[in-house]
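Shown next, in structure tokens, is the structure this report addresses.
The values are calculated or read from the model by the stated rules, or taken from the named source; none is laboratory data. Model, not experiment: these values are computed from the prediction. Backbone-built Cβ (ideal geometry, glycine too); neighbour counts: all protein chains shown. With ligands, DNA and RNA removed, areas are computed over all heavy atoms of the protein, side chains included. Shrake-Rupley method; radii C 1.70, N 1.55, O 1.52, S 1.80 Å.
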Amino acid sequence: MTTAYLTVDDAPSATLPAKLGALDDYGVRALFFCEGRRLADHADHAREAVEAGHLLGNHAFDHNHASDIAVDEFADEVDRTEAAVDAVYADAGVERPAKLFRFPFGDKGGDRAAEFQAVLAERGFRPPDADLIDYGFWRDHAGDRDWFWTVDVEDYNVDTKEGLAENVADAADRLGSDSRDILLFHDGGNSPEQFEHYLHLLDERGVDFGDPLELVGRADAGD
């Protein structure tokens, strides 16, 4: 059975504190990719996540498609969000362990992808170690500084527990593989009940949750 690492996009939401309780119940350490605009509204919830031992990453400020904006606009979104994430860690009195980034929608910038990767490299973002993920398609991401994923149950397309269970079942082959997996789920748009049900479904399947920091690659990856 796979070792899986939970990453949660579109954080922090107004209901994050309740979701932190579910993570505690299941003993899962999560990596929350935070939008700068959401941190402006719910920095206290993000601080609670850090204080509970979870990790914060950068998900840009306004959740734009990278391919729809200029490189300098993207850099500004990253920097504004970085300042907000740093402030949360400082307020929590916790040293930030690594700078991690995920593109909104997984959109790496299309024809300008190399320029966007250069922005991330200049700022010292660290990728997941490609050697630890044993999927052929992952070679397309090796050397990139952002965090892509291996399992997406499309929680944003379902609003019932039954629908979520069907999507998790559709991912059974990948969840049962020998490769480590990066799980994509969402904070914004999901209720605490749906979030907890996702953890329950994975626990039922015997998924072994790991600490996302285990995946953090070298700072010079991709150089």
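Worth a mention:
- Using the Karplus relation 6.51 cos²θ - 1.76 cosθ + 1.60 with θ = phi - 60°, the per-residue 3J(HN,Hα) values for the range 133-143 come to 10, 9, 10, x, 5, 5, 4, 5, 9, 4, x Hz, with x marking Gly and Pro.
- Additional length obtainable on full extension of the chain from VAL71 to ARG205, 0.36 nm per residue less Cα span: 44.1 nm
- Over the range 1-147, the alpha carbon radius of gyration divided by the compact-protein estimate 2.2 N^0.38 Å works out to 1.03.
- Rounded accessible area per residue of the chain, 1.4 Å, Å²: 43 Å²
- Viscosity 0.692 mPa s, temperature 37 °C, Stokes-Einstein D of the range 97-217 from Kirkwood C-alpha radius, µm²/s: 209 µm²/s
- With at most 16 other Cβ atoms within 10 Å, longest stretch of the chain clear of loop GluC sites (Glu not before Pro) (DSSP): 1-94
- Shown are TYR135, TYR156, whose ranking by accessible area with a 1.4 Å probe and every protein chain present, most to least, is TYR156, TYR135.
- Choice from ASP140, ASP24, ASP203 showing the highest fluctuation, given a GNM over the chain with Cα pairs closer than 10 Å: ASP140
- Here the contact order of the chain, divided by its residue count and restricted to Cα pairs under 8 Å and six or more residues apart, works out to 31 percent.
- In a DSSP loop and with at most 16 other Cβ atoms within 10 Å, the trypsin sites (Lys or Arg not before Pro) in the range 132-223 are ARG205, ARG218.
- Cα-only radius of gyration and Dmax that characterise the range 119-164, units Å: 14.6, 44
- Ordering of 39-45, 26-32, 62-68, 4-10 by packing [mean C-beta count within 10 Å, highest first]: 4-10, 26-32, 39-45, 62-68
- Value at 222 nm in deg cm²/dmol, rounded to 500, when DSSP H runs of n ≥ 4 in the chain each add -39,500 (n - 2.57): -12000 deg cm²/dmol
- Percent carbon-and-sulfur accessible area, the range 44-146, ignoring ligands, DNA and RNA, probe 1.4 Å: 44 percent
- The range 121-166 - charge dipole about Cα centre, Lys and Arg +1 at Cβ, Asp and Glu -1, debye rounded to 20: 280 debye
- Rounded to the nearest 20, the Cβ-based charge dipole of the chain about its Cα centre (Lys and Arg +1, Asp and Glu -1) stands at 380 debye.
- Listed residues PHE148, PHE33 arranged by accessible area, highest first, probe 1.4 Å: PHE148, PHE33
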